[in-house]
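Quick notes on the structure that follows.
The values are calculated or read from the model by the stated rules, or taken from the named source; none is laboratory data. None of these values were measured; they are calculated from a predicted model. Here the Cβ is made from the backbone with ideal geometry for all residues, glycine too, and neighbour counts use every protein chain on show.
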Amino acid sequence: MRTRDLTFGLYADAEGLAWARALVKNAVSARSARIVGVSETSPVDAYDFLAQQWAVEHPARSSGARQVTEFRVRLVCSLRTRRLLRKAVIAALCPEGAAPHTCRVPWTAL
C-alpha cells in the first residue's frame, strides 16, 4: 500500500471543519485505510468561488466565521480504497435527495 492524499476545498467555520473531519474519519474507519497526516491551510485564491457559492445559496445569512480552507488527508491505502473513500466523503458532504438542497459546507474535491 502507498501513501495517497484526499484533498478538499471547504468554506467552513470551526464547527463545519470539525464536521468534515468527522466525515473523513468515519469513512476511513469503515475501510482498510489509515490516516497518517492531516493538514489545513488557507490558500489565497484557489477556492474563492466557495465563498461566492455560499452567498448565492444563503443570501439572507451571514458567512460568520467561515473561511476558505484546503483540507488534505494523507492516507495509507490502495488506489481503489482511495477512490472509494473520496466517493464516500463527497456523498456525505452533500447527500443527494429528491428535493432541491444546498450543502451544509460548500466544498470542492481535487
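Tabulated data for the structure shown
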| item | result |
| --- | --- |
| Residue in the stretch 51-62 that is outside any helix (DSSP H, G or I) and acidic (Asp, Glu) present | no |
| Top-ranked residue of the stretch 35-50 - restricted to ones that are in a loop (DSSP other than H, G, I, E, B) and of a type outside the set (Ser, Thr, Tyr), ranked as modelled with the lowest pLDDT | Val44 |
| Scan of the stretch 1-23 for residues that are part of a strand (DSSP E or B), within 17 Å of Arg86 (Cβ to Cβ), within 15 Å of the chain's Cα centre (by Cα) and of a type outside the set (Ser, Thr, Tyr), ordered by number | Asp5, Leu6, Phe8, Gly9, Leu10 |
| Criterion (under 15 Å from the mean Cα position of the chain (by Cα) and without any contact (Cβ under 8 Å) to a residue 24 or more places away in the chain) met by exactly one of Pro59, Pro43, Pro95 | Pro95 |
| Some residue of the stretch 24-34 being among the charged types (D, E, K, R), assigned to a loop (DSSP other than H, G, I, E, B), free of Cβ contacts under 8 Å to residues at least 12 places away in the same chain and out of contact with any Pro (no Cβ under 8 Å at 6 or more places or on another chain) | no |
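Residue-wise test of (1) under 18 Å from Asp13 (Cβ atoms); (2) at pLDDT 90 or above.
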{"position": "Glu70", "(1), (2)": "yes, yes"}
{"position": "Leu79", "(1), (2)": "no, yes"}
{"position": "Leu85", "(1), (2)": "no, yes"}
{"position": "Ala98", "(1), (2)": "no, no"}
{"position": "Arg104", "(1), (2)": "yes, no"}
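Rundown of residues vs (1) in contact with a Phe, Trp or Tyr (Cβ under 6 Å, 6 or more places away or on another chain); (2) farther than 15 Å from Ala109 by Cβ; (3) exposed (fewer than 12 other Cβ atoms within 10 Å of the Cβ); (4) of a type in the set (Lys, Arg), yes/no style:
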site	(1), (2), (3), (4)
Leu10	yes, no, no, no
Thr41	no, yes, yes, no
Asp45	no, yes, yes, no
Leu50	yes, no, no, no
Glu57	no, yes, no, no
Ala65	no, yes, yes, no
Phe71	yes, no, no, no
Leu79	no, yes, yes, no
